[in-house]
1. How many nm separate the modelled label positions at R68 and C8, each set 7 Å beyond the Cα in the direction of the Cβ?
2. Got a sec? What order do E109, E48 fall in by accessible area at 1.4 Å, biggest, i.e. largest, first?
3. Rolling a 1.4 angstrom probe over the protein chains, ignoring ligands and nucleic acids, what is the accessible area of V1 in square angstrom, nearest 10?
4. Note down the accessible area of Y38, probe 1.4 Å, to the nearest 10 Å².
5. For the stretch 100-113, take each phi angle, set θ = phi - 60°, evaluate the Karplus expression 6.51 cos²θ - 1.76 cosθ + 1.60, and give the result in whole Hz per residue in order, putting x for glycine and proline.
6. As an exercise, identify the trypsin sites (Lys or Arg not before Pro) in the stretch 1-110 lying in DSSP coil whose Cβ has no more than 13 other Cβ atoms within 10 Å.
7. Computed over the Cα atoms of the stretch 1-122, what is the ratio Rg over Rh, Rh following Kirkwood?
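The values are calculated or read from the model by the stated rules, or taken from the named source; none is laboratory data. Bear in mind the structure is a predicted one, so any value in this text is a computation, not a measurement. Positions of Cβ are backbone-derived with ideal geometry, glycine not excepted, and every protein chain shown enters the neighbour counts. Surface accessibility is based on the protein's heavy atoms, side chains included, excluding ligands, DNA and RNA. Shrake-Rupley method; radii C 1.70, N 1.55, O 1.52, S 1.80 Å.
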Amino acid sequence: VAHYLRHCMREEGDKLLASLLCAGCRFGKDGKASGVIYSISTSGALMEEGDFSVAGSGSTYIMAFLDRFSCLEEQSEEECVEKCIGAIRHAMERDGNSGGVVRLLIMDENGCRSRTIMPVTESLEEKKPKDLKGFALPQNNSI
């Protein structure tokens, strides 16, 4: 799928301007499944990423924030989600094009779960994320 998306970006480059993330599952020679993330740049460059990936206008801010946490794999899922929300909030405070809701996809051995989160609440002093259950979910939530 990532290679097809890369092809589309290169073929339709004059009509399409987007950076994409494509994540899925890859099976090794031993038959074990592992997660894989690819980023596809606006020019169609395809790169395999590590444990997480970011894209968009605020991604440089987010990457700088997440670089401080080199041991995300040792943390619980909820701790990682909180760090992701913090990173997105960090980008929203510094990048005029970042904002709105966060659509977070968590992929692990148990499958995929989608969360839609509004990182900025009415009370900015608290800076607690507000989980929007059932808001703007993907059309096919059975990933």
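1. 3.6 nm
2. Numbers: E109 165, E48 100 Å².
Of E109, E48, the descending order of accessible area is E109, E48.
3. 130 Å²
4. Ignoring ligands and nucleic acids, Y38 comes out at about 50 Å².
5. Per residue, the Karplus-derived 3J(HN,Hα) values read x, 9, 10, 9, 9, 10, 9, 10, 8, 5, 8, x, 10, 9 Hz.
6. Numbers: sites: R6, R10, K15, R26, K29, K32, R68, K83, R89, R94, R103; in loops: K15, K29, K32, R68.
Here the trypsin sites (Lys or Arg not before Pro) that fit, given the DSSP loop and packing criteria, are K15, K29, K32, R68.
7. Working: Rg = 15.6 Å, Rh = 15.9 Å.
My calculation puts Rg/Rh at 0.98.
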